[in-house]
Amino acid sequence: MTATEERVFVKPPSEVAKQRRGEIEDASRLPVKVKIRSLNFYYGGQQALFNNSIDIPAFRVTAIIGPSGCGKSTHIRVYNRIFEIYRSHRAEGIVEIDGKNVLSPVTDLLKLRKKVGMIFQRPTPFPMSIYDNIAYGIKLHYRASRGEIADRVEDALKRGALWGEVKDKLSEPATALSGGQQQRLCIARAIAVEPELILMDEPCSAIDPVATSKIEDLIETLRDSYTVVLVPHNMQQAARVSDFTAFFYKGHIVEFGPTKKIFTNPDNKQTEDYITGRFG
Amino acid sequence: MKESTAAIANVATCAPRDQSRPDAVFKWLAAACALVVIVIMAGIFFELVRNSGMAFREFGFSFLTSDSWNPIAGEFGAASSIYGTLVSTGIAMIIAIPLSIIIAVYLVEVAHPKVSGLIGGAVELLAAVPSIIYGMWGLFVFAALMQTHVQPFLSRHLGALPLFQGPPMGIGVLTAGLILAFMVLPFITAITRDVLMMVPPVLKESAYGVGSTMWETVRFVSLKYGRRGIVGAVFLGFGRALGETMAVTFVIGNSHRISASLFSAGNTIASSLANEFNEASEPIYLSSLFALALVLFGITLVFQTIAHYWVARMQRLEAGDR
């Protein structure tokens, strides 16, 4: 697979997006996708998040940075309530996605997780073929004919910038793909069920730099159709791909603002110390 | 300061030690231990072949196909024993496989950790119960239950099938199959539980993450991820059921007959061997029992090979190499 063929499916960052990245946007004037107020999180008796409040702007990439163990993953794992599969994990507060509090007991978890896709630190292909990995979610949520499923699989793989590499081996096990391909497969799998919000928890921490740059290109194109919340695996990645950045420290949100501002002229001393490498 | 300098000087002057000799000794010792397995295996096979020679010379291939087992007339055929072995094992597996997998799923995914620990402990205990106890319980308690409740129920509702016809005697092939199911259940359950616990949490999270229910996660992701281990567990249980002797001897009825009805008495290879070695006065009788043992040995070997091949094939498929 040559780089030029690859380009067919990875849309180059649009001019609009590039311009947008250059200027400093005011988050308070953008539509809000996720509104979080006084979110606390507990692992058993131990509190991990303290009074988190943040507005995640729609159709933007928001990065969450901070030293390891500061609650970045914990924070985004509340959005789709994935933490709930562990008995002792507990969240309190308000997490509104499109104005509805997802922490409410009446929330339909299956619909929530369809709407809020998640990508993990390690690629997690299901033990089935490449095709079935994508078709799996589609079959869960839609009554689709074989033809419709096939179309949707193709569409998702194209959006995941993987179609060109796998179109001739769709029936092969997904585990035979390279790490970077597996991670793009997972992104395609999330996209296939038409989410509105995509959570990415250090999606590039287990893959090589070339594969990483492909995924960063892909994130660039995702912003046109989805809201992305990303825990980057280093600060450079946050600077490269995100529009907004939140700095977390010991479970508190210290500062939130346009990425450019956070990285060049943060308001908070702690943020500045972290950005300039004085700690963390 | 002075002392440490002295110590260093000491280390430098002491004689070097030859490490390679103990290593060589260990290598040979390990090889010898491993050889024991081969010797035992070959010894068993050789003795079985030697002792069964007379029976095979006498009856030829018809030893395998004839269901006549008549010590007085000196006629021996293994068909009824082979049939009983396969049918009772088949019944056991049909019941034990789904039951074990469901229990394992419950233990890992559904139950509260405390409940899971309790039931898990009971499962392990069940595996430790000696087979003679299963046999006694089977004969005195379970067979009576079969006679008064289960078999009448089956003939009433499924009596049209030849499988469930005939008088309810309590003991018989069906009862033996059920006892075997109880005996292999803890093995398959325990291994399947361990296999399910090995499924990486992040894989389950991603299944839930695309909106799977617990059932969908288990069915399409966890069980699929662990299917190699589960197939291994099933074959382990299968091998155990094939060769199980004591419990089956108690409840199967020990009759050398092939009957379509699962209610009727039958026998397995292992139960015949346990029952009849004492009575085998004629050399041809004894040799026929050895031939029976060789057949069981062969059946076990065939299924082991299939299991081995199957697991290896799944491994290849998973690696994407075909």
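The values are calculated or read from the model by the stated rules, or taken from the named source; none is laboratory data. Everything quoted here is computed from the prediction, not taken from an experiment. Cβ coordinates were reconstructed from backbone atoms using ideal geometry, including for glycine residues, and neighbour counts include every protein chain displayed. Accessible surface areas use protein heavy atoms only, side chains included; no ligands, DNA or RNA. Shrake-Rupley method; radii C 1.70, N 1.55, O 1.52, S 1.80 Å.
Conditions (1) in contact with a Leu (Cβ under 7 Å, 6 or more places away or on another chain); (2) open to solvent by less than 30 Å² (accessible area, probe 1.4 Å); (3) of a type in the set (Lys, Arg), marked per residue:
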{"site": "B:Arg21", "(1), (2), (3)": "no, no, yes"}
{"site": "B:Phe59", "(1), (2), (3)": "no, no, no"}
{"site": "B:Thr65", "(1), (2), (3)": "no, no, no"}
{"site": "B:Ala104", "(1), (2), (3)": "yes, yes, no"}
Can you name the residue in the stretch A:112-133 that is within 7 Å of chain B (Cβ to nearest Cβ) and among the basic types (Lys, Arg) and is also surrounded by the most Cβ atoms within 10 Å (Cβ to Cβ) among such residues?
A:Arg113
Subset of the stretch B:265-299 (residues that are of a type in the set (Phe, Trp, Tyr), open to solvent by 40 Å² or more (accessible area, probe 1.4 Å) and either in contact with a Ser or Thr (Cβ under 7 Å, 6 or more places away or on another chain) or closer than 11 Å to B:Ala55 by Cα (or both))
B:Phe290
Looking at the stretch A:271-280 only, could you name the residues that are modelled with pLDDT of 90 or more and open to solvent by 70 Å² or more (accessible area, probe 1.4 Å)?
A:Glu272
Check on A:Ser73, hydroxyl-bearing (Ser, Thr, Tyr), in contact with an Asp or Glu (Cβ under 6 Å, 6 or more places away or on another chain) and either within 14 Å of chain B (Cβ to nearest Cβ) or not in a helix (DSSP H, G or I) (or both):
yes
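State all residues of the stretch B:200-240 that are within 14 Å of chain A (Cβ to nearest Cβ), β-branched (Val, Ile, Thr) and within 27 Å of B:Thr305 (Cα to Cα); if no residue qualifies, say none.
To start, the set of residues in the stretch B:200-240 that are within 14 Å of chain A (Cβ to nearest Cβ) comprises B:200-231.
Those still in the list that are β-branched (Val, Ile, Thr) too: B:202, B:210, B:213, B:217-218, B:221, B:230-231.
Scanning the stretch B:200-240 gives B:Ile230, B:Val231.
Condition check: within 14 Å of chain A (Cβ to nearest Cβ), part of a helix (DSSP H, G or I) and surrounded by 13 or more Cβ atoms within 10 Å (Cβ to Cβ). Does B:Val108 satisfy that? Working first, answer last.
Working: within 14 Å of chain A (Cβ to nearest Cβ): yes; part of a helix (DSSP H, G or I): yes; surrounded by 13 or more Cβ atoms within 10 Å (Cβ to Cβ): yes.
The answer is yes for B:Val108.
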Can you go through B:Leu126, B:Leu107, B:Leu139 and tell me which one is in contact (Cβ under 8 Å) with a residue 12 or more places away in the chain and touching a Ser or Thr at 6+ places or on another chain (Cβ under 7 Å)?
B:Leu107
Subset of the stretch B:308-322 that is at pLDDT 80 or above and more than 22 Å from B:Ile44 (Cα to Cα) - its residue that is farthest from the other protein chains (Cβ to nearest Cβ)
B:Tyr309
Restricting the stretch A:134-163 to residues that are within 14 Å of chain B (Cβ to nearest Cβ) and of a type in the set (Lys, Arg), the one nearest to the chain's Cα centre (by Cα) turns out to be A:Arg152
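When you look at A:Leu177, is it within 19 Å of B:Val202 (Cα to Cα), modelled with pLDDT under 95 and within 12 Å of another protein chain (Cβ to nearest Cβ), yes or no?
On the way: within 19 Å of B:Val202 (Cα to Cα): yes; modelled with pLDDT under 95: yes; within 12 Å of another protein chain (Cβ to nearest Cβ): yes.
Here the answer is yes, as A:Leu177 does meet what is asked.
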Could you grab me the full set of residues in the stretch A:76-109 that are open to solvent by less than 60 Å² (accessible area, probe 1.4 Å) and either facing another protein chain (nearest Cβ under 9 Å) or in a loop (DSSP other than H, G, I, E, B) (or both)?
A:Arg77, A:Asn80, A:Arg81, A:Ile82, A:Ile85, A:Gly99, A:Val102, A:Leu103, A:Ser104, A:Thr107, A:Leu109
Single unsatisfied condition, B:Asp18 versus (1) at pLDDT below 90; (2) within 21 Å of B:Ser281 (Cβ to Cβ); (3) among the acidic types (Asp, Glu)
(2)
Taking the stretch A:195-218, which residues are away from chain B (no Cβ under 11 Å) and either in contact with a strand residue (DSSP E or B) (Cβ under 8 Å, 6 or more places away or on another chain) or open to solvent by 40 Å² or more (accessible area, probe 1.4 Å) (or both)?
A:Glu196, A:Leu197, A:Met200, A:Glu202, A:Pro203, A:Ser205, A:Asp208, A:Pro209, A:Val210, A:Ser213, A:Lys214, A:Asp217
Test: A:Glu196 is of a type in the set (D, E, K, R) and touching a His at 6+ places or on another chain (Cβ under 8 Å):
no
With respect to the numbered conditions (1) buried (at least 23 other Cβ atoms within 10 Å of the Cβ); (2) within 14 Å of chain A (Cβ to nearest Cβ), which one is the sole condition not fulfilled by B:Leu262?
(2)
Does any residue of the stretch A:37-53 turn out to be farther than 13 Å from A:Gly251 by Cβ, part of a strand (DSSP E or B) and open to solvent by less than 40 Å² (accessible area, probe 1.4 Å)?
no
Given (1) more than 14 Å from every other protein chain (Cβ to nearest Cβ); (2) within 30 Å of A:Ser129 (Cα to Cα), index of the condition B:Val251 fails
(2)
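Yes/no per residue for (1) open to solvent by less than 60 Å² (accessible area, probe 1.4 Å); (2) more than 26 Å from B:Val108 (Cα to Cα):
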{"residue": "B:Gly159", "(1), (2)": "yes, yes"}
{"residue": "B:Gly172", "(1), (2)": "yes, yes"}
{"residue": "B:Phe182", "(1), (2)": "no, no"}
{"residue": "B:Val195", "(1), (2)": "yes, no"}
{"residue": "B:Pro201", "(1), (2)": "no, no"}
{"residue": "B:Ala207", "(1), (2)": "yes, no"}
{"residue": "B:Gly211", "(1), (2)": "yes, no"}
{"residue": "B:Thr217", "(1), (2)": "yes, no"}
{"residue": "B:Tyr225", "(1), (2)": "no, no"}
Return only the number of the condition from (1) farther than 30 Å from B:Thr175 by Cβ; (2) crowded, with 17+ Cβ neighbours inside 10 Å; (3) within 17 Å of the chain's Cα centre (by Cα) that B:His308 does not satisfy.
(2)
Is one or more of the residues making up the stretch A:135-150 open to solvent by 60 Å² or more (accessible area, probe 1.4 Å) and assigned to a strand (DSSP E or B)?
no
